[in-house]
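The values are calculated or read from the model by the stated rules, or taken from the named source; none is laboratory data. Only a predicted model underlies this, so the values are computations on that prediction, with no experimental measurement involved. A quick note on method: Cβ atoms are made from the backbone with ideal geometry, for glycine too, and the neighbour counts reach across all protein chains shown.
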Amino acid sequence: MKPVRVRMAPSPTGHFHIGGARTAMYNFLLARQTGGQFILRIEDTDRKRNTPEAQAELMEALHWLGLQWDEGPDVGGPHAPYTQTARKDIYLAHAQQLIASGHAYRCFCAPERLQRMRAEQLRSRAPLQYDGLCRRLDPAEATARAAAGEPHTIRFMTPDTGTTTVHDYLRGDITVENRNIDDYILVKSDGFALYHLAAMVDDHLMGISHVFRSSEWLGTFPLHALIIRAFGWQEPVWVHLSVFLKPTGKGKMSKRDVTSEQSIFVLGLRDLGYLPEAVNNWIALMGASFGPEETPLTMDELIERFSLDHLTPAAARVNFEKLDHFNGLYLRKLSPPDLAQRVRPFFERAGLAPDEDLLRRIAPIIQERIVTLDDAIDMAGFFFRPASRPPAAELLQKGMTAAQSVVALEQARAALAAVSEAEFGDHAALEAPLRALVERLGLKAGQVFGLLRVAVTGQRVSPPLFETMVIVGREQTLARLHWAEGQLRAAAVQPAIDT
Ligand code: GLU
């Protein structure tokens, strides 16, 4: 395939979501695969809805995903500027060109007239379209009125008769009756172009070969093709990407369809503790297949395997379990120092100040047990807090009395005290005597180790017990067991605390 020129053209109006990320991803993959260019263009002509925060967020999100663009507002390029508000005059000149060639006209209808017209059309159930009043104006008169400063918009002059056929790569030919295509506004009365004109002009001037965009544009797709054809330009390859369905598979996905543990926003996923590698994989597979198996693919593999022919127009269900699955797989592939570095901000956010060394020692023992980076806080936050001193009720395990627990703790402490400081660094040196103790006591391993776990960590779920004790250290481990023993001794003299 020849090197492509593709673009991501977001309107910075809200949080950057997985739909935008998927569009960026396919652009990026095709550009990298073919040795082409990936362009970031900011479509900020809707000046009421754009915010600088949204633009900063989308750039941060793309950086986080590793989808670096080759040309764009920050990095520049041969077609700068890459921000549409800075290209206002370019669009205006092109709109005038369309007026001159008879493909567009000035419309002087006041907003009130348009509102009345629309209300009447709604009432009579007529198609909601401009009635063409100004289309019939004498062009010389329209030019004179505009020159005199009369406010106006510029509309596309859609052919009245015939049909228009457009071609979408995933759906094939789509044919519509021209009379059903409205005379859309191309330039507003404030002189700013709308998407319909601005994007077509930019795609042409920037030499865009393939357009990936959301299927919400299918409705105005014929209009876009007509605009391009009116200029006599060549159309790009059009690829309208599938919509996302709710996790249940019923209805379109919206930001309201998520729990507090989920997000459809890219930085939201980052803050929940998902890895960019996992998010990329997850997103890439929503609406495309990359081969028979769904093992995680590296970015290089995604680039290598990407094909337009593997994209599907069928709606894709947003499956958060799959994201968890990918995240777990990627987490387990990280080297411990890398994992340590990635979980650090989560500890800091939780108000903990993790020691670098300690974090690196903890990384391998939590790696198998967390699904997101944020899970590391619940799992291993205790390492960075003072001893938690759990009360008797929490220490007691199912089927064990307080008196039995006291005995178990006492003997565990004795067994561990017999392990020298030097040997304490090896978890096998702790495991052997404690397993022997379980045998002697005639209790279940789950009961005794559950008790020791709560005594040492303050929690019922923790990293593997013996490895944890090694990191907590001999002195602290013994002290915590001692404290727990005291708690249970006090409880043992009061009957009926048994669980
Ligand atoms: N600015 C449009 C949007 O955010 C871009 C659509 C396109 O990629 O052409 O929906």
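Just a few scattered comments:
- Exactly one residue among Asp183, Asp160 is surrounded by 16 or more Cβ atoms within 10 Å (Cβ to Cβ), outside any helix (DSSP H, G or I) and over 35 Å from the mean Cα position of the chain (by Cα), and that residue is Asp183.
- Some residue of region 290-297 being without any contact (Cβ under 8 Å) to a residue 40 or more places away in the chain, over 29 Å from Asp168 (Cα atoms) and not basic (Lys, Arg): yes
- Some residue of region 213-231 being surrounded by fewer than 19 Cβ atoms within 10 Å (Cβ to Cβ) and over 33 Å from the mean Cα position of the chain (by Cα): yes
- Qualifying residues in region 115-152 (those that are closer than 18 Å to Ser101 by Cβ and outside any helix (DSSP H, G or I)) - the one nearest to the chain's Cα centre (by Cα): Leu137
- Leading residue by the ranking (farthest from the ligand (Cβ to nearest atom)) among those in region 12-46 that are in contact with a strand residue (DSSP E or B) (Cβ under 8 Å, 6 or more places away or on another chain) and assigned to a loop (DSSP other than H, G, I, E, B): Gly36
- Wholly within region 397-499, helices (runs of 4 or more DSSP H) carrying at least 1 residues that are among the hydroxyl-bearing types (Ser, Thr, Tyr): 402-417, 445-457, 465-472, 474-492
- Options Glu485, Glu423, Glu431; residue that is without any contact (Cβ under 8 Å) to a residue 60 or more places away in the chain and either buried (at least 18 other Cβ atoms within 10 Å of the Cβ) or over 16 Å from Ile365 (Cβ atoms) (or both): Glu423
- Comparison of Ala408, Ala415, Ala363 shows that the only residue that is free of Cβ contacts under 8 Å to residues at least 24 places away in the same chain and of a type in the set (Gly, Ala, Ser) is Ala415.
- The lone criterion from (1) within 14 Å of the ligand (Cβ to nearest atom); (2) closer than 22 Å to Glu304 by Cα; (3) at pLDDT below 95 left unmet by Met1 is number (1).
- Considering residues of region 367-392 that are farther than 21 Å from Ser335 by Cβ and in contact (Cβ under 8 Å) with a residue 40 or more places away in the chain only, the residue farthest from the chain's Cα centre (by Cα): Ala392
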